[in-house]
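*Asks:* Dropping the structure in here first, questions after.
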Amino acid sequence: MLNMKKVSKTYRTDTVETHALREFSLTVDEGEFVSVTGPSGSGKTTFLNIAGMLEELTAGTYELDGRDISKLNDKERSKVRNEKIGFIFQSFNLIPELDVFDNIDVPLRYRGFNADERKRRIEKCLDRVGLTSRMKHYPAQLSGGQQQRVAIARALAGEPRFLLADEPTGNLDTNMADSVLDLLAEINDSGTTIIMVTHELTLADRAKRNIFVRDGQISDGPPELHFAAAASA
Amino acid sequence: MFRYYLKLGSLSIRANPALSALMVAAIAIGIGACMSIVTVRHVMSGNPVAHKNDLLYHVQLDNWNPDDPYEDPNEPPEQVTYLDATALHQAGRAFRQTISFKSDRVVQPEGEDARPFQEEVRATTADFFAMFDVPFEYGSGWDASADRAEERVVVLSAAMNQRLFGGEDSVGRMMTMNKEPYRIVGVLSEWRPMPKFYDLNNNPYEGAEEIYTPFSLAISGEWGSSGNNSCWKPLDGAGYEAYLASECIWIQMWVELSSASERDNYMQFLDDYVEQQKALGRFPREVNNRLSTPAEWMVNREVVDDTVNVLLSLAVLFLVVCLLNTIGLLLAKVMRRTSDISLRRALGASKSALFTQYLIEAGMVGIAGGLAGIGMTWLGLRGLENVFSEYDFISYLMTMDWTMVLYAVLLAIVSTLAAALYPTWRACSVSPATTLRIQ
Ligand SMILES: Nc1ncnc2c1ncn2[C@@H]1O[C@H](COP(=O)(O)OP(=O)(O)OP(=O)(O)O)[C@@H](O)[C@H]1O
Ligand SMILES: [Mg+2]
């Protein structure tokens, strides 16, 4: 479903050129759960930004469901983002002025669903992440783990086929991180493709496939990861 | 979606109450400054007989001093003498004609302890009401025969009828002025010629007179003018008779001519009249007659003085400064909201969706600014009333021109939207990628 061929991304400032991705090639199939690890600054977030069409690529091709993304205009990209992709962020990125219900409502509004349909979906997602009782709470009234689950509910509300998560557990303690991972695994089991960037090898290990990024390219990765993957297999 | 944007707008406005209040205040002050001057100018430059502008003509003849024009470079006097007024009126060569002046009278209301009061009365001729489309509530004006017969009749304004008769139909009843009885033949409905185009000699905004009576009657009663009166040579003798026979100018004359050719004919008639008078030893200057439409006459009399135009450009400049301020404040707001914008982009909002969202928010600020601007306009007009003496701008604004209020809000919305364009564009160009970067 995701197909990147020799994708490069170069950031230019007045003084420096940073090659965040270099001829990065990757194919992800429907239903996969891919973890992405790598040193800081290696290009993991850049890869997610491009995969999620939040950024343009400098060179190469990126096809999502067989469609060449570079040919889409802003409106079409926004539509694809809205319908096919869900994002989960390290710092949750909930809107503080909106309550839980309205936060999850945001992508559904841009989708153009009617009020009943939005309500149905929001309630369903909240139920799935176990936060139905917190519907009228504001983000500041929730714990970090609860906030991240609201963010996951928001990502799921549009029933995307593709979930992109950048360090979803980076701001959570181990227990909460585990429960978020359980939730992601469950979501993946129900058919949603997930790509998750993480620093923690134990969490990466729970994915079905591990990718190691170094200097903007996929590399073989550190041996521990392979051992871990082999051990769990 | 529109309602969703309204909700987001009000959330955002409430999330930054200080910033929002500053914006509303900036717009309100700018709008207030502009609209108060615009109102003043509007009131000053209005033409109450615009619909008859090409039919009505103000008459001027140059009977002035041979060595010194009435006004430089060579303007004829703005009024006419009694001799000419009556001669031209009697000739009746125009479709309609009226001669008039105002005079102070003392009105004695009915009732034991009613106190007398002084009032300006317009002494005029029958055609006055028809020429200027003066609206009647009860009865009508008098006719030409009443002018000839010097009938003791009056027409009252709605306000005067209210004051004297409690607003009842008073036609046929009597009233007393300077101890003499007058029979009421007509009562006007609301009539506010602003400016008072037919007599601009004193305050053009004092409003129309409240009482009208035949010119001939006023003359036989030896009424003096309470308006302007100018003479360029001493009277031949003393008394009212000598005054009527003098070259003093104190009467306003208007004619109604229904076509361009009629106008040309009348002009010819005036020229012939002056030539004829020259033969009798009057009119020592060159023939210099004028027929001016109400609009031309108001420009000639500089009803809208230059101060107002200067004030208007200053006010517009002020509005621009206020809008620049608004642009700055809106930009500050957008800057503070980059993470929100970027997140919405990531969740599927297109640029056009964000553009709409932010313009609607700006529009809401604009409406608030416009409404507050009406308050500011009111304050501004209060202030201007002090500058421009006793003109009643506020009551004009309240009673006559709700469209001005509408304009104030419209101007506020349009200018706020204009001010919002750049900040909104900036909002739309926030990259959705920043969401993942700011962590
Ligand atoms: N907007 C930008 N302008 C310039 N350089 C950038 C920009 N965004 C990222 N970079 C650079 O691109 C490289 C890759 O950054 P990226 O955020 O993808 O790394 P990362 O793997 O996600 O790191 P981390 O694990 O610390 O989050 C870095 O060297 C970074 O400095
Ligand atoms: Mg990163």
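The values are calculated or read from the model by the stated rules, or taken from the named source; none is laboratory data. No experiment lies behind these values; they were computed from the predicted model shown. Using ideal geometry, Cβ is built from the backbone for each residue, glycine included, and neighbour counts are taken over all protein chains shown.
*Asks:* Does region A:5-24 contain any residue that is in contact with a helix residue (DSSP H, G or I) (Cβ under 7 Å, 6 or more places away or on another chain) and within 10 Å of chain B (Cβ to nearest Cβ)?
*Replies:* For region A:5-24, residues in contact with a helix residue (DSSP H, G or I) (Cβ under 7 Å, 6 or more places away or on another chain) and within 10 Å of chain B (Cβ to nearest Cβ): absent.
*Asks:* Restricting attention to region B:420-427, does a residue exist that is within 16 Å of ligand 1 (Cβ to nearest atom), at pLDDT below 90, out of contact with any His (no Cβ under 6 Å at 6 or more places or on another chain) and closer than 30 Å to residue A:163 by Cα?
*Replies:* Among the residues of region B:420-427, not one is within 16 Å of ligand 1 (Cβ to nearest atom), at pLDDT below 90, out of contact with any His (no Cβ under 6 Å at 6 or more places or on another chain) and closer than 30 Å to residue A:163 by Cα, which makes the answer no.
*Asks:* A further question on this structure: Taking region B:131-164 on its own, how many of its residues are over 27 Å from residue B:294 (Cα atoms) and not in a strand (DSSP E or B)?
*Replies:* Total meeting the criteria: 11.
*Asks:* Continuing with this model, one more query. Quick one: how many residues across region A:32-49 are among the charged types (D, E, K, R) and either assigned to a strand (DSSP E or B) or within 11 Å of ligand 2 (Cβ to nearest atom) (or both)?
*Replies:* 1
*Asks:* Looking for whichever is over 30 Å from residue B:271 (Cα atoms) and in contact (Cβ under 8 Å) with a residue 12 or more places away in the chain here; the options are B:16, B:53. Which one fits?
*Replies:* Among B:16, B:53, only B:16 is over 30 Å from residue B:271 (Cα atoms) and in contact (Cβ under 8 Å) with a residue 12 or more places away in the chain.
*Asks:* Which condition does residue B:93 not pass, out of (1) surrounded by fewer than 19 Cβ atoms within 10 Å (Cβ to Cβ); (2) in contact (Cβ under 8 Å) with a residue 24 or more places away in the chain; (3) farther than 30 Å from residue B:260 by Cβ; (4) not aliphatic (A, V, I, L, M), if it passes all the others?
*Replies:* (3)
*Asks:* Could you say whether any residue in region A:76-84 is crowded, with 23+ Cβ neighbours inside 10 Å, of a type in the set (A, V, I, L, M) and within 20 Å of the chain's Cα centre (by Cα)?
*Replies:* no
*Asks:* I would also like to ask the following. Could you please let me know if residue B:234 is surrounded by 14 or more Cβ atoms within 10 Å (Cβ to Cβ) and in the same structural domain as residue B:78 (by TED's automatic domain parsing)?
*Replies:* No: the conditions fail for residue B:234.
*Asks:* Any idea which residue in region A:50-61 is farthest from the other protein chains (Cβ to nearest Cβ), counting only those that are crowded, with 21+ Cβ neighbours inside 10 Å and touching a helix residue (DSSP H, G or I) at 6+ places or on another chain (Cβ under 8 Å)? Talk me through it step by step, then tell me what you get.
*Replies:* Applying the first criterion (crowded, with 21+ Cβ neighbours inside 10 Å) to region A:50-61 yields A:50-55, A:57.
Narrowing further to those that are touching a helix residue (DSSP H, G or I) at 6+ places or on another chain (Cβ under 8 Å): A:52-55, A:57.
On the way: A:52: 7, A:53: 8, A:54: 4, A:55: 4, A:57: 12 Å.
Only one residue tops the list, namely A:57.
*Asks:* Right, here's the next one. Looking only at residues that are part of a helix (DSSP H, G or I) and free of Cβ contacts under 8 Å to residues at least 40 places away in the same chain in region A:50-73, which one is nearest to ligand 2 (Cβ to nearest atom)?
*Replies:* Here the answer is A:69.
*Asks:* Additional query: Tally up the residues in region B:300-350 that are outside any loop (DSSP other than H, G, I, E, B) and within 14 Å of chain A (Cβ to nearest Cβ), please.
*Replies:* 11
*Asks:* Of the residues in region A:17-48, how many are within 11 Å of ligand 1 (Cβ to nearest atom) and closer than 22 Å to residue A:200 by Cα?
*Replies:* 15
*Asks:* Report those helices (runs of 4 or more DSSP H) wholly inside region A:117-204 carrying at least 3 residues which are buried (at least 22 other Cβ atoms within 10 Å of the Cβ) and of a type in the set (Gly, Ala, Ser).
*Replies:* Details: elements: A:144-157, A:174-189, A:201-204.
Hits in region A:117-204: A:144-157.
*Asks:* Against the condition small (Gly, Ala, Ser), in contact (Cβ under 8 Å) with a residue 40 or more places away in the chain and in a loop (DSSP other than H, G, I, E, B), how does residue B:111 come out, does it pass? Break it down into steps so the answer makes sense when it comes.
*Replies:* Numbers: small (Gly, Ala, Ser): yes; in contact (Cβ under 8 Å) with a residue 40 or more places away in the chain: no; in a loop (DSSP other than H, G, I, E, B): yes.
Against the criterion (small (Gly, Ala, Ser), in contact (Cβ under 8 Å) with a residue 40 or more places away in the chain and in a loop (DSSP other than H, G, I, E, B)), residue B:111 does not qualify.
*Asks:* Among what's in region A:80-100 and is of a type in the set (Val, Ile, Thr) and part of a strand (DSSP E or B), pick the residue that is farthest from the other protein chains (Cβ to nearest Cβ).
*Replies:* That would be A:88.
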